[in-house]
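**Q** Take a look at the following structure, please.
The values are calculated or read from the model by the stated rules, or taken from the named source; none is laboratory data. This structure is a prediction, so every number in the text was calculated from the model and none was measured. In this analysis, Cβ positions are derived from the backbone assuming ideal geometry, glycine residues included, and neighbour counts consider all displayed protein chains. Areas reflect the complete protein model, heavy atoms only, side chains present, ligands, DNA and RNA absent. Shrake-Rupley method; radii C 1.70, N 1.55, O 1.52, S 1.80 Å.
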Number of protein chains: 2
Amino acid sequence: MSELLDKFKAYLAETTNLGHASTLLYWDLETSMPKEGFKGHSDALAYLSTESFKRSTSTEMGEFLDKLSAPAEFDALDSDWKYIVKQMKKNYDENKRVPADFYHDFIVAQNEAGVAWQDAKAKKDFSIFAPHLEKMIDFTKKMMGYMRPHMEVYDALLDSYEEGMDSATYDRVFNELKEGLLPLLNKILAAKPYDESKFKKEYDIPAQKAVEKFLLEYIGFSFDKGCTGETEHPFTLNFNSKDVRVSNHFRTDNAVDPMFSAIHEGGHAIFEQNVAERLDDTVAGSCNYLGLHESQSRFYENVLGRNINFWKPIYAKLQEIDPDFKDITIDEFYRYINSVKNSLIRTQADEVTYCLHVIVRYEIEQEIFRNNVPVSELPALWNKKMEEYLHITPPTDAEGILQDMHWSDGSFGYFPTYLLGTIYDGMFLEAVEKDLGSIDTVLAEGRIKDITKWLNEHIHQYGSSRKPKEVIQAVCGREVSAQPILKYFTEKYTKIYNL
Amino acid sequence: MSELLDKFKAYLAETTNLGHASTLLYWDLETSMPKEGFKGHSDALAYLSTESFKRSTSTEMGEFLDKLSAPAEFDALDSDWKYIVKQMKKNYDENKRVPADFYHDFIVAQNEAGVAWQDAKAKKDFSIFAPHLEKMIDFTKKMMGYMRPHMEVYDALLDSYEEGMDSATYDRVFNELKEGLLPLLNKILAAKPYDESKFKKEYDIPAQKAVEKFLLEYIGFSFDKGCTGETEHPFTLNFNSKDVRVSNHFRTDNAVDPMFSAIHEGGHAIFEQNVAERLDDTVAGSCNYLGLHESQSRFYENVLGRNINFWKPIYAKLQEIDPDFKDITIDEFYRYINSVKNSLIRTQADEVTYCLHVIVRYEIEQEIFRNNVPVSELPALWNKKMEEYLHITPPTDAEGILQDMHWSDGSFGYFPTYLLGTIYDGMFLEAVEKDLGSIDTVLAEGRIKDITKWLNEHIHQYGSSRKPKEVIQAVCGREVSAQPILKYFTEKYTKIYNL
């Protein structure tokens, strides 16, 4: 190993330590911190994040990257470090092009938009949020102009969340999915809805926590390399492959959602826990592709977790751990967890309608960035699309265009990754079954860890060092397509709803 | 406020942020971190602690302190900042006198001694630990020689844990206590011991956690300014007055110890939560005097918590929260929590014999530092003193001289503070009763928060800005004496054991 690379690694290790502490401050702030502790935590977080940002954009960092990118040094790197240096150089150059003043104004605008969004949602009044949304659109365009001046804005945004996945691919697969899904959904909605009244009761919370632990272990989450916490909204957070944490939210009126949150976050966490150790604390050591990440959480949650065979080997155990399920049969449970309804809120949607919630957002983002549709027209556009795809109109904008926070912080291009993950899942399912046989059988035999092992080997171990298109090509041997997930939806729901 | 002071405060705030993150890393390491996350946490902790130490011993810091100590600047400071600057200058000068090489060797020796101590304890073999103990004694002498060359070594050690409390005072009050306590203990041990068999059962853990929460709130711990965690050994940790955390250890075979751990750590925490906010994040913002700190935890745990009137207003509630206590009467509970036994292990001792466990250690420390008794003779000395005071001889050194870790990291002079806190408690009890009347009445009427408020006002708010001797003088109007706590022990146990 070259002396230069050694020095670079030492420099990165110090930056990692600052980031490590910031990550922990964030985790603790969400899971444990007492109310009045906020200032101490946020001061420390601001200080450490700033120090960490300074180091990652420092002249010293630039010099390291320049030197390591020179052919003599670069050619001597192994393939991991080639990826790491190239990726860091790209990020460094992009960040360096953003004027400090502009960056500061962007953060201020983001914070103000966040406050306005909360206020607008509470008051069900889009006009409060509208000027801030305009500003965030404008700032986002400028930000992409600085960072990626050679790219069309929306392409640049899509690429920033799912590198290398261009908008032509997005358009193709989303349209493919929409065309196949709309007729299926119409048939489902015309069928008899499932009566959920048996599930309305008061559930014990310690039992739910025990179920969470059981399910996480069952699917392959390692408690030697992770732990759980409680937060308002479930999420996954990783320090490195050795410390990956998932949170959950427990309620007395619903014990099923937390199970699927656990399996969903467990899927994210299993990805991170199984990135090759040698990539720890580098830009390749965590999966930075949101679509690919979501494909793993949704694979566990939906493709595996909403399959009746997932529950067959463990349903009696579930009833033992949580006696609130003693009077619910596995068939009732299965029907409940696959109940399809045209509802208003994305985060509460079933796996079928969820796709259309995302498509609504994707199409609106295109209208914003490609057709310059004014902000004032967006609520009506939202409602029109909801009516068209889901045959339902939000009574107010709070249940419509104001429901998600993503646009308030300028995360345009983020939503589509949620659906891309689902589309990947159809393809991964085919690939898994090609190697392991029918997942119905694998699951029914309680061999879910065989699937986890397969995903570890084919996807997880690479972290970010393989880009999504490369992963799809390597794992599925072809271009991304929505046909496999459409086939999955059609077969599954035709059976469930006797279509 | 002077420009210089402003700059100094800004410098301190940055150091505080580093310390804040280190504190959180330590808390998380003990409460949540998964096993394999250790390296990431300890790397970050080492880095941040080093950065923080560098700043606190930096040339810049020295210049700030020199300038602020010059009469023109110093005289303009308010009394808080006079204390802060003076104390920091003292610490800075002491630390600066320690050669960096020596400090490094000390840390290495400390770590090695810690490993050897664990090994020796597990193997019940003092000879494994003996050479390391010798080394730690030698290093400690040298360390004090650098830091406090003008003081006798053991005096310097005592002073470092309880500033201003000299060994003449220690000797006087410890002898006073020993002379009064030995005859009382002999009478107790001759009386009929309490039959504890009714308490041997399997206790529910979620119920114990609910009891912990109830007790902490009852005594005045604020959950807006604190939270709880689980660790192997209970402790209290504070970031600042707004975020003070207590941990506990729950077991199925004993639900009473965790109650008293909660009350004990709650006492420490109530102290820290009530230091005046203006002192936050300064050297005065937390109580650095271990005896004074322990006086508060033991006041809650023993003087209040082991008084039957503490339980009278809440015992029915306790039985409701934890039904495992339904068949135990309050009188049985009271007898159990005040059962005196001559046992081997300090941390499991009752409040009476605990004093003698500490005196054994204090007297041995004096032999080490004042009479240069060789390490090889210490186990026999330990056993002789245990026999003399407690009429019991450890079967092996694991239950004798090897039981505590304190000497392995060179914390000589720490043990005596545990007992000093108890001695202060007798005096504080008198002072509380002078103002509020009999604590039996105050407790029986469920007005424990009046006592907490009294302690907040008279002791807690000052943090470290009043030294222990000043606190005792201000609160009790006289020198520290063991007579009040002796009176408390004698009256209480004469009644309980019908002596």
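**Q** Order the following by accessible area, largest value first: B:ASP101, B:ASP224. Probe radius 1.4 Å; ligands, DNA and RNA are ignored. Don't skip to the answer; put the middle values down first.
**A** Details: B:ASP101 120, B:ASP224 65 Å².
Accessible-area ranking of B:ASP101, B:ASP224, largest first: B:ASP101, B:ASP224.
**Q** Given a 1.4 Å probe and every protein chain left where it sits, what share in percent of the accessible area of the protein assembly as shown is carbon and sulfur? It would help to have the intermediate numbers written out before the result.
**A** On the way: 20930 of 40780 Å².
That share works out to 51 percent.
**Q** Just name one of B:LEU499, B:PHE64, B:ALA113: the one whose Cα is farthest towards the positive end of the charge dipole of the protein assembly as shown (beta-carbon charges, Lys/Arg +1, Asp/Glu -1).
**A** B:LEU499
**Q** Using a 1.4 Å probe on protein heavy atoms, which residues of region A:231-252 have at least 20 Å² less accessible area in the complex than alone?
**A** A:LYS242, A:ASP243, A:ARG245
**Q** Check each of the trypsin sites (Lys or Arg not before Pro) in region B:249-339 and keep only those in coil by DSSP with at most 15 other C-beta atoms within 10 angstrom; list them in order.
**A** On the way: sites: B:ARG251, B:ARG278, B:ARG298, B:ARG306, B:LYS317, B:LYS326, B:ARG335; in loops: B:ARG251, B:ARG306, B:LYS326.
Passing sites in region B:249-339 are B:ARG251, B:LYS326.
**Q** A follow-up question, please. What per residue convex hull volume, in Å³, do the alpha-carbon atoms of the protein assembly as shown yield? Show your work: numbers first, answer last.
**A** Working: hull volume 199.4 nm³, N = 998.
For the protein assembly as shown, the hull spanned by Cα atoms encloses 200 Å³ per residue.
**Q** Roughly how big is the B-A contact, given as buried accessible area in Å² (both sides, 1.4 Å probe, nearest 100)?
**A** Values: alone 21630 and 21630 Å², together 40780 Å².
Interface area, both chains combined: 2500 Å², rounded to the nearest 100.
**Q** Between B:ASN372 and B:PHE102, how high is the FRET efficiency from 1/(1 + (r/R0)^6) when r is the Cβ-Cβ distance and R₀ = 22 Å? Nearest 0.05.
**A** On the way: r = 21 Å, r/R0 = 0.98.
It comes to 0.55.
**Q** Report the percentage of all Cα-Cα pairs in region B:349-499 whose separation exceeds 25 Å, rounded to a whole percent. Don't skip to the answer; put the middle values down first.
**A** Values: 5023 of 11325 pairs.
For region B:349-499, the fraction of Cα-Cα distances above 25 Å is 44 percent.
**Q** Go through B:LYS178/B:LYS385; A:LYS213/A:LYS242; A:LYS35/B:LYS9; B:LYS89/B:LYS467 and tell me which ones have a Cα-Cα distance over 20 Å in this structure.
**A** On the way: B:LYS178/B:LYS385 12 Å; A:LYS213/A:LYS242 18 Å; A:LYS35/B:LYS9 25 Å; B:LYS89/B:LYS467 16 Å.
Listed pairs above 20 Å: A:LYS35/B:LYS9.
**Q** Still on this structure: Relative to the present Cα-Cα distance, how much length would full extension add between A:THR490 and A:LYS7 at 0.36 nm per residue of separation? It would help to have the intermediate numbers written out before the result.
**A** On the way: separation 483, 0.36 × 483 = 173.88 nm, distance 5.52 nm.
In short, 168.4 nm is gained.
**Q** Let me ask you something else. Please compute the modelled spin-label separation between A:LYS449 and B:ALA168, points set 7 Å along Cα→Cβ, answer in nm with one decimal.
**A** Between B:ALA168 and A:LYS449, the label points sit 7.0 nm apart.
**Q** Mark the label point 7 Å from the Cα of B:ALA474 along Cα→Cβ and return the residues of region B:131-170 whose backbone N is within less than 13 Å of it.
**A** No residue qualifies, since no backbone N sits under 13 Å from the label point.
**Q** Quick one: length gained pulling A:LYS35 to A:LYS187 fully straight, 0.36 nm per residue minus the C-alpha distance?
**A** On the way: separation 152, 0.36 × 152 = 54.72 nm, distance 4.91 nm.
Between A:LYS35 and A:LYS187, full extension yields an extra 49.8 nm.
**Q** Okay, next question. For region A:36-66 and region B:48-78, what is the separation of their Cα centres, given in Å?
**A** 24
**Q** Taking the Cα centre of the protein assembly as shown as origin and charging only Cβ (+1 Lys, Arg; -1 Asp, Glu), how large is the dipole, in debye to the nearest 20? Can you show the working numbers first?
**A** Values: 114 positive and 162 negative charges, 184 e Å.
Its charge dipole is roughly 880 debye.
**Q** Between the chain alone and the structure with every protein chain in place, find the residues of region A:30-48 that drop at least 50 Å² of accessible area; heavy atoms, 1.4 Å probe.
**A** A:PRO34, A:GLU36, A:TYR47
**Q** Compute the orientation-averaged projected area for chain B from the convex hull of its Cα atoms and round it to one decimal in nm². Write out the running numbers ahead of the final one.
**A** On the way: hull surface 94.0 nm².
Result: 23.5 nm².
**Q** Can you tell me the accessible area per residue over the protein assembly as shown, all protein chains present, probe 1.4 angstrom, in square angstrom? Kindly include the intermediate steps, with their values, before the conclusion.
**A** Details: 40780 Å² over 998 residues.
Here the per-residue accessible area is 41 Å².
**Q** What's the angle, to the nearest 10 degrees (0 to 90), between helix B:126-147's Cα axis and the longest principal axis of chain B?
**A** 50
**Q** Could you tell me the calculated FRET efficiency between B:GLN483 and B:LYS90, based on Cβ-Cβ distance and R0 = 30 angstrom, to the nearest 0.05? Provide the component values of the computation, followed by the final result.
**A** Numbers: r = 33 Å, r/R0 = 1.10.
That pair, B:GLN483 with B:LYS90, gives E of 0.35.
**Q** If you average 1/r over every pair of different alpha-carbon atoms in region B:3-96 and take one over that average, what Kirkwood value in Å do you get?
**A** Numbers: mean 1/r = 0.0676 Å⁻¹.
Radius from the Kirkwood sum: 14.8 Å.
**Q** Using a simple charge model, +1 on the beta-carbon of Lys and Arg, -1 on the beta-carbon of Asp and Glu, nothing else, what dipole does chain A show about its Cα centre, in debye to the nearest 20? Before the final figure, lay out each step's value.
**A** On the way: 57 positive and 81 negative charges, 135 e Å.
It comes to approximately 640 debye.
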